[in-house]
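Below is one structure, written out as structure tokens; the observations come after it.
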């Protein structure tokens, strides 16, 4: 069942550590093994172990054949089994995910008389370049996402509220095969679209106002992300002008996404369009983030400070936005794959203004 074990072993070899402890749900999804909180993974130089309690044993026996299963006794700490495995394999050093270890656990590990190596973004960077299987899954997830949006558009009407739109997105996502939503769905209408992360409310849809939907699905452990704007009837001139500017910025950002480009330069390509149109103070977030198994912690990051050099088979969002209080906001987002050296948007939903 488990996948990409070679990447984990290579990571250990490159950093010259004898063992690596994985606790995060994100990395367990990436490895494609059991993700429950009672499941931990320990890699040594030649082997991987799935440490779990009795709640997960039956499922593990049915699904997992690439990691050796180690069952915890009732009330036994997983750290006791980690210690046993480290001793069996004569390990002198252990890498851990910094944000997954409590102070209590860290103090326990220190007493094992091994060298502890703390890793932060280094772990996330294992996932930054996608393989063929990952690209194929992401394409499927994004295709489903486009269909979900189409289905919701067909049901939007004046008088319905943001909660109802959010519920439709959730319904069509799950009924289309999604495991869950990638993140809390963003639905905003009218002047509330000036809130970049506006959560749905009871506000009702009105004619001529923007309707912003930013959502994604988790499908086969991989996540999509899309933002589009629609209108019921022609938009008012101020918001139509903003829409045109954001679309140009989106296209400029996609054009700049290519192998060898520096992430901050990609951000600048889109940001310059917005600045030159007079909206410099109203684009207040980075251009994008990585797309993969975790919407919140994927690389590369596209922002004014990021020095990441983009590579073939990276996948990232391109989502410029303008948010003007009292008027509203526009964000247009695509998931972009670097293929044959250039950025290719995987979303097929039109970016031309949608008027229902």
Exercise for review: State log₁₀ I(q)/I(0) for region 23-131 at q = 0.12, 0.13 Å⁻¹ as given by the Debye formula over alpha-carbon point scatterers of equal weight, solvent excluded.
Suggested key: -0.42, -0.49
Review point. R0 = 45 Å: FRET efficiency of residue 342 with residue 84, Cβ-based, nearest 0.05?
Key: 0.35
Practice item. Bin width 5 Å, alpha-carbon pairs only: give the P(r) of region 158-219 as whole percents, running from 0 to the bin holding the largest distance. Key: 4, 21, 29, 22, 14, 9, 2
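Quick check of the Kirkwood formula: for region 214-316, what is the inverse mean of 1/r over all pairs of different Cα atoms, in Å? Write out the running numbers ahead of the final one.
Working: mean 1/r = 0.0673 Å⁻¹.
In region 214-316 this quantity evaluates to 14.9 Å.
Tally the DSSP beta bridges in the chain and give the antiparallel ones as a percent, rounded to 5. Display every interim value, and only then the final one.
Numbers: 41 of 55 bridges.
Bridges in the chain are about 75 percent antiparallel.
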Exercise for review: Would you mind ranking 244, 18 so that the residue whose beta carbon has the fewest other beta carbons within 10 Å leads the list?
Suggested key: 244, 18
Study note, to complete from the structure: Here P(r) for region 157-271, Cα-Cα distances in 10 Å bins, as whole percents, is 13, 34, 34, 17, 1
**Study point:** region 239-286: equivalent-ellipsoid semi-axes (sqrt of 5 x gyration tensor eigenvalues, Cα, Å)
**Key:** 20, 11, 7
Review point. If you project the alpha carbons of region 132-355 onto their three principal axes, what span does each projection cover, largest first, in Å?
Key: 47, 43, 24
Check your understanding: Given only helices, namely DSSP H runs of n ≥ 4 each adding -39500 (n - 2.57), what is the per-residue ellipticity at 222 nm of the chain, to the nearest 500 deg cm²/dmol?
Key -> -10500 deg cm²/dmol
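Each reported figure results from applying straightforward, stated rules to the coordinates on display, with no laboratory input. Since the model is a prediction, treat every value here as computed from it, not as a measurement. Quick reminder, even Gly has a Cβ in these numbers, built from the backbone with ideal geometry, and neighbours come from all protein chains shown.
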